[in-house]
Amino acid sequence: MSALHFVALVCVAISLGYYAASSVAAVRFAARANRPAPPLPKVPPKIAVLKPLYGINKSLTDNLVSFLENDYPRTNFFFGVDSYADPAAPVPASLRARYQFANLTMVVGEEENCQNKKIAKVIKMADRAEKADILVLSDADIWVERDYLRRVAGELMASDKIGVVTCAYRAVAQETLASRMEALFINTDFAPQVMLADQVEPMRYALGASIAIKRSALESIGGFRSVKDLLADDFYLGRFVSDRGLEVRLSTALVTIAPSEETLVDFWHHQLRWARTYRMVRPVSLATIVTHGPFWAILLAIASHGSASSLALLATVIAARVGMSAIMLKRVLRLPRMMRDLWLVPFKDLTMTAVWFASLGSNRVVWAGRKLKVLRGGMIREVKS
């Protein structure tokens, strides 16, 4: 048996075990998510929702409306843009007449000397939200259920030991192939990884789609300015809070994203940025290559010269991978319409293997049109070329 044959066989076995373990963890998560939201304190804490905006897409209005229609009693909403020239700026203003009783504030401008332009807006908004007990940071492309704020606030206030509650997310694809590939990655790669990790280790990071943080926890790490020069601001917000001895919890609330990638090049660059970010801030993430079942099964078939047993194992791996994806889409994430894209899963998996290898070649990424160099420890510097 050659070394390649042995390594491929071991990784195929690991992949099959991973598919089974992540499916079990995801089903357990779904069971917890069906329980009622935990009760709020008699006097509900004041919440400030911080929404940094950049550019516009066809789902932006619906995303913002989903927050404004949450049934939480004490909420202020802050929407941040770098200037009135941003195409997103008119959207919150257009909602004022429709939601006259909502406490809605537009914040224009950025904190100076921030490499992370999203956090540059967040700092400005947080400075205006000085009376909030909880700050909820959420990306502009996120849509939430009506009980979202009640659920995350109840979970956050359940114990003095909890400093951050963060949410896993699911993706509803648009019609482009790139958006469908991105949605499959989120729904069948990222979400099960998060749910499995939550089962096997304490969370020490947060997820940018939704972060609810107590003001006391935020102040203990120096506020949002502590992550102003970091690419993975969400990861480090959770890490810094955890380092202070407070807990980071995964919420039972699921939030939803609608990927807007138009071309496969957009999809490639987005995934490459994520992969290089993971590699720089959490090098252990490189080990995920051992769970790329279709890649290893193909290598095993090549090493075995296309033997009947190796081809049967390849078919088994693909069937197991598609089965695990079906469980995620239908039972856990409740996205039955996405089942039509199950045939794309093996192709997406092989593309993600290519992304993994490409991520090793450089520490430069493209984010919101800016070329950035990711330094050790997650710091970023803009490349001016």
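Since every read-out is calculated from the coordinates, none of them should be taken as a lab result. Nothing here was measured: the structure is a model prediction, and the numbers come from that model. Positions of Cβ are backbone-derived with ideal geometry, glycine not excepted, and every protein chain shown enters the neighbour counts.
Just a few scattered comments:
- Euclidean distance between Cα centres, region 32-107 to region 228-249, Å: 23 Å
- Between Ala232, Pro259, Ser242, the Cα set farthest toward the positive side of the dipole of region 226-268 (charges on each charged residue's Cβ, about the Cα centre) is that of Ser242.
- Equivalent ellipsoid semi-axes - Cα gyration tensor, region 37-257, angstrom: 24, 21, 19
- Contact order for region 1-91, expressed relative to its length and based on alpha carbon pairs under 8 Å spaced 6+ residues apart, stands at 30 percent.
- By the count of neighbouring beta-carbon atoms within 10 Å, fewest first, Phe190, Phe185 end up ordered Phe190, Phe185.
- Alpha carbon convex hull of region 63-129, volume per residue in cubic angstrom: 91 Å³
- When shorter helices are ignored and each DSSP H run of at least 4 residues is given -39500 (n - 2.57), the per-residue value for the chain at 222 nm works out to -13500 deg cm²/dmol.
- Candidate lysines - alpha carbon under 22 Å from Lys117, same-chain residues fewer than 8 apart omitted: Lys51, Lys228, Lys371, Lys373, Lys384
- Highest-first arrangement of 332-341, 149-158, where packing means the average Cβ count within 10 Å: 149-158, 332-341
- Debye equation applied to the C-alpha atoms of region 28-114, log10 I(q)/I(0) at 0.13, 0.23, 0.26 Å⁻¹: -0.56, -1.13, -1.32
- Charge dipole of region 212-286 (Cα centre as origin; +1 on each Lys and Arg Cβ, -1 on each Asp and Glu Cβ, all else neutral): 340 debye, rounded to the nearest 20.
- Peptides ranked, highest mean first, by Cβ atoms within 10 Å: ranges 87-93, 285-291: 87-93, 285-291
- With viscosity 0.692 mPa s and temperature 37 °C, the Kirkwood radius over alpha carbon pairs of region 337-378 converts through Stokes-Einstein to a diffusion coefficient of 257 µm²/s.
- Theoretical FRET efficiency, 1/(1+(r/R0)^6), r = Cβ-Cβ of Phe347 and Glu112, R0 41 Å, to 0.05: 0.35
- Screening the chain for whole DSSP H helices with an alpha carbon extent of at least 20 angstrom along the helix axis and a mean Kyte-Doolittle hydropathy of at least 0.5 yields 3-33, 308-326, 345-359.
- Sorting Leu218, Leu237 by the number of Cβ atoms found within 10 Å of their own Cβ, with the fewest placed first, yields Leu218, Leu237.
- In this structure, Ala315 and Arg204 have a Cβ-Cβ separation that, at R0 = 45 Å, corresponds to a calculated FRET efficiency of about 0.70.
- Once the Cα-Cα distance is subtracted from the 0.36 nm per residue extended length, the Ala358 to Val10 segment shows a gain of 123.0 nm.
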